[in-house]
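Quick notes on the structure that follows.
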Protein chains: 2
Amino acid sequence: MKRKSFREAECPVARSLDAIGDWWSLLIVRDAFDGIKRFSEFQQNLGIAKGMLTARLRDLVEAGVFDLAPASDGSAYREYVLTEKGQRLFLIIVAMRQWGEEHLYRPDEPRSVLVDANAGDPVSRLELSASNGRKLAWTDTRIVAARP
Amino acid sequence: MKRKSFREAECPVARSLDAIGDWWSLLIVRDAFDGIKRFSEFQQNLGIAKGMLTARLRDLVEAGVFDLAPASDGSAYREYVLTEKGQRLFLIIVAMRQWGEEHLYRPDEPRSVLVDANAGDPVSRLELSASNGRKLAWTDTRIVAARP
């Protein structure tokens, strides 16, 4: 089934989802933040079908999220390395993580935690601020439509 | 094709994606933040097939993201209203928006803008902070695996 494309959308949310809004794509990127670089490692960690992983990685390279590089250990493998653009996806992953932490676990359920590597304590919750630093709830915001 | 489920995952990113990680689901939620409440409005705004919209809305109600409520104007329509849990998805949408703004538009391309409704100026970029307020890059963080 050919999906509708939002590649040219005026809404940046739609355009982002068009670029990376696949269930697997964000999990692949999450794994990359955890240090995974090789096809076989992604495949093993995610339990994803090879054909699907090949397609998703190809799309992510095409979207400029990964660069393909020779293996860092000099072997014949190739590695998927997050570009600057890919590294900027971190906040999306963190926002997903924090929503999940808050709403999808029972209190006693084991879950992984994102911590400040230096101090070892959990990172703060993301917050939305105005340009003057005031905290904003979603009801304090509005969308201004595109002016062509 | 039956997809792999991450409903019981120890990683909150995976669990969130399991709950809302569908391309359409986040666009439906985005529309809800813009004030859209009715099936026909979602359908018209997104250009989504009715069967697909029916399935996605059903899943989002099941996931506790929307409540179904009688229409606010007393008509026979029913409206999809974001729950507290659904409203907390706002930061994910904002993170997607900001990544899109930064990486997926040419400088001269028209795009919608999220502003502080009071002051009218664009909201600040989301930032990750340590518990003491220090800004964190992704390289300043690490994941602590779940302890069962």
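Observations on the model:
- Selection count, the range A:33-49, where residues are assigned to a loop (DSSP other than H, G, I, E, B) and either open to solvent by 20 Å² or more (accessible area, probe 1.4 Å) or within 7 Å of another protein chain (Cβ to nearest Cβ) (or both): 7
- Pair list, Cβ < 7 Å and 6+ apart or interchain, from the range B:31-55 residues that are small (G, A, S) to residues that are open to solvent by 50 Å² or more (accessible area, probe 1.4 Å): B:G47/A:K4
- Any hit, the range B:120-133, residues being open to solvent by 40 Å² or more (accessible area, probe 1.4 Å), closer than 17 Å to A:R97 by Cα and among the hydroxyl-bearing types (S, T, Y): yes
- Selection from the range B:106-125 of residues that are touching a residue at least 12 places away in the same chain (Cβ under 8 Å) and more than 7 Å from chain A (Cβ to nearest Cβ): B:R125
- Residue in the range A:22-32 that is assigned to a helix (DSSP H, G or I), modelled with pLDDT under 85, surrounded by fewer than 21 Cβ atoms within 10 Å (Cβ to Cβ) and aromatic (F, W, Y) present: yes
- Within the range B:126-148, being more than 7 Å from every other protein chain (Cβ to nearest Cβ), in a loop (DSSP other than H, G, I, E, B) and more than 17 Å from A:S129 (Cβ to Cβ) holds for B:N132, B:A137.
- Selection status of A:D18, assigned to a helix (DSSP H, G or I), open to solvent by less than 50 Å² (accessible area, probe 1.4 Å) and within 18 Å of A:A95 (Cα to Cα): no
- The lone exception for A:G74 - which of (1) part of a helix (DSSP H, G or I); (2) more than 8 Å from chain B (Cβ to nearest Cβ) it fails: (1)
- Some residue of the range B:59-70 being open to solvent by less than 20 Å² (accessible area, probe 1.4 Å) and either on the phi > 0 side of the Ramachandran plot or out of contact with any Ser or Thr (no Cβ under 8 Å at 6 or more places or on another chain) (or both): no
- Qualifying position, being without any contact (Cβ under 8 Å) to a residue 60 or more places away in the chain, closer than 30 Å to B:R142 by Cβ, at the interface with another protein chain (Cβ under 9 Å from one of its Cβ atoms) and open to solvent by 50 Å² or more (accessible area, probe 1.4 Å), among B:R97, B:R7: B:R7
The values are calculated or read from the model by the stated rules, or taken from the named source; none is laboratory data. The structure presented is a predicted model; accordingly, all values stated were derived computationally and were not measured. With ideal geometry, Cβ positions are generated from the backbone for all residues, glycine too; neighbour counts draw on all protein chains shown. Each accessible area value is taken on the protein alone, full model and side chains, heavy atoms only, with ligands, DNA and RNA left out. Shrake-Rupley method; radii C 1.70, N 1.55, O 1.52, S 1.80 Å.
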